[in-house]
Amino acid sequence: MDYVTLGRTGLRVSVAGLGCGGFSRLGLGTGKSTSEAVALVRQALDMGVNLLDTAAMYGTEEVVGEAIKAVPRESVVVATKAWVPHGGGRRAVASLDASLRRLGTDYVDIFQLHGVAPEAYAEAREVIAPALLQERARGKLRHLGVTETASDDPEHEMLQRAVEDEVWDVVMVAFHMMHQNARAKVFPQTIANRVGTLLMFAVRNIFSRPERLAAALRELTARRELPRWLADSRNPLGFLLHEAGASTITEAAYRFARHEPGVDVVLFGTGDPDHLRTNIASLLAPPLPLADRLTLTKLFGRLSGVGLDPPWSMPGSGAS
């Protein structure tokens, strides 16, 4: 496993972070048992993953809590979230306390406000954050973070404000092969201000389901945002698959995201042990060849909001 320092937090974290939401929810979303989900988290820990990202709304905090009983608490970085679009600091603190009970721990390493829309940022910054900082002083959390509503905020309006405010040590941002605008809109500021970054949406349905990619390409070419040959091609991203490149589109997507300057941790979700190993291997692979990276930037670098499944489409779907 490779490790990096998560911005100014000083936390040493694995570049591969286990997202405990997503469509799989550690397997709970696909019919796996709680014991199987716990075993999956422990397998990830055994493979060197030390950052676990969960949330109150995912329904997996208890699984994470059970899994981390097997390791020293200081050896794992636990991040969780509260979704409190309205209700102020009191609801956020109540959510934090409930998360601590479900996780079976006295503190979380990173406590994040979940899916803050641009219009809700003022309350998050001026009302909710001060209440949570009081809880930090009591030892309930180590660092405060904020996550964006990717599908409703494709231009990262909220994060462009948040990364300039010293209150947030960590941000969660959407970035992938066909949604690259964080390169210009977010990462220069996170690097300059030493804000840690957790990357979501590196692999979405647009890359794992050919019919989703084909539909998106038809729409984009109809709007003249992409060349027509992409929509007409049977394998439009096939240029990424070659001996010196990636073996699958999913692998290419992870490698593209992992090595982007400004990215600290790439979150991935899974409910399957083999899938877990494959994802980690992809994230530990070298960068894509320069020619492939340049082609991806030339083709898709100007796009915005492509392939961002609505984060609230099902429980936990927004963080992996």
Original post:
Given a 1.4 Å probe and the protein chains all in place, what does the accessible area of HIS242 round to, in Å² to the nearest 10?
Top reply: 70 Å²
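Could you pull out the pairs from LYS185/LYS298; LYS81/LYS185; LYS81/LYS140 whose alpha carbons sit more than 20 Å apart here?
LYS81/LYS185
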Subject >> Fraction of antiparallel bridges per DSSP, the chain only, in percent to nearest 5 >> reply: 10 percent
**OP:** Would you mind counting up the charge near LEU241? Only other residues with Cβ under 10 Å from its Cβ, with Lys and Arg at +1 and Asp and Glu at -1.
**Re:** -3
Original post:
On the accessible surface of the stretch 99-180, probed at 1.4 Å, how many percent belong to carbon and sulfur atoms?
Top reply: 42 percent
**OP:** For the stretch 224-233, just list the computed ³J(HN,Hα) in residue order, Karplus coefficients 6.51, -1.76 and 1.60, θ = phi - 60°, integers in Hz, with x standing in for Gly and Pro.
**Re:** 6, 8, 9, x, 4, 4, 5, 6, 7, 6
Original post:
Just how much of PHE239 is accessible, in Å², when a 1.4 Å probe is used and the result is rounded to the nearest 10?
Top reply: 60 Å²
Original post:
Among the lysines, which fall within straight-line cross-link reach of LYS32, defined as a Cα-Cα distance under 23 Å, with same-chain neighbours fewer than 8 residues apart omitted?
Top reply: LYS69
Original post:
Around VAL77, which amide H atoms from residues at least 5 apart in sequence, or from another chain, sit under 5 Å from its own amide H, with H modelled in the peptide plane?
Top reply: LEU51, LEU52
Original post:
By how many degrees, 0 to 90 and rounded to 10, does the Cα axis of helix 210-222 deviate from the longest principal axis of the chain?
Top reply: 70 degrees
Original post:
Which distance in nm do the two modelled labels at ARG138 and ALA214 give, with both placed 7 Å along the Cα-to-Cβ direction?
Top reply: 5.6 nm
Original post:
Which shape class applies to the stretch 175-320: rounded if a/c is under 1.5, otherwise prolate when a/b exceeds b/c and oblate if not, where a ≥ b ≥ c are the square roots of the Cα gyration tensor eigenvalues?
Top reply: rounded
Original post:
Against the longest principal axis of the chain, how steep is helix 88-103, in degrees 0 to 90 to the nearest 10, with axes from Cα atoms?
Top reply: 90 degrees
Subject >> Reported label for calculated P(r) over Cα pairs in 20 Å bins from 0, in percent given (1) 35, 58, 8; (2) 32, 62, 6; (3) 32, 57, 11, 0 >> reply: (1)
Original post:
Where a ≥ b ≥ c are the square roots of the eigenvalues of the C-alpha gyration tensor, would you call the stretch 135-180 rounded, which needs a/c under 1.5, or, failing that, prolate if a/b is larger than b/c, or oblate?
Top reply: prolate
**OP:** Compute the longest continuous run of the chain that contains no exposed GluC sites (Glu not before Pro); treat a site as exposed when its DSSP state is not H, G, I, E or B and it has at most 16 other Cβ atoms within 10 Å.
**Re:** 1-154
**OP:** Quickly work out the TRP229-to-ALA184 label distance, labels modelled 7 Å from Cα along the C-beta direction, and quote it in nm with one decimal.
**Re:** 2.4 nm
Original post:
Which value in deg cm²/dmol, rounded to the nearest 500, describes the helix-derived mean residue ellipticity at 222 nm for the chain, given -39,500 (n - 2.57) per DSSP H run of n ≥ 4 and division by the residue count?
Top reply: -10500 deg cm²/dmol
**OP:** Subtracting the Cα-Cα distance from 0.36 nm times the residue separation, let me have the gained length for ASP165 to MET1 in nm, one decimal.
**Re:** 55.9 nm
Original post:
Which cross-chain or sequence-distant (5 or more) residues have an amide H under 5 Å from the amide H of HIS143, H modelled 1.01 Å from N in plane?
Top reply: ILE110, PHE111
Subject >> Rounded to 5, the percent of DSSP beta bridges in the stretch 57-194 classed as antiparallel >> reply: 5 percent
Subject >> Solvent-accessible heavy-atom area per residue, rounded to whole Å², over the chain at 1.4 Å >> reply: 41 Å²
**OP:** Of the options GLY238, LEU220, ALA252, report the single residue whose Cα projects farthest towards the positive end of the charge dipole of the stretch 217-260 (beta-carbon charges: Lys, Arg +1; Asp, Glu -1).
**Re:** LEU220
Original post:
Where the centre of each part is set by its Cα atoms, how far does the stretch 52-84 sit from the stretch 129-156, in angstrom?
Top reply: 16 Å
Subject >> From phi via Karplus (6.51, -1.76, 1.60), per-residue ³J(HN,Hα) for the stretch 61-77 in Hz, x at Gly/Pro >> reply: 4, 5, 4, 4, x, 5, 5, 7, 4, 7, 10, x, 4, 6, 8, 10, 9
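The values are calculated or read from the model by the stated rules, or taken from the named source; none is laboratory data. Not measured: the values here are computed from a predicted model. Quick reminder, even Gly has a Cβ in these numbers, built from the backbone with ideal geometry, and neighbours come from all protein chains shown. Heavy atoms of the whole protein, side chains included, go into the accessibility calculation; ligands, DNA and RNA do not. Shrake-Rupley method; radii C 1.70, N 1.55, O 1.52, S 1.80 Å.
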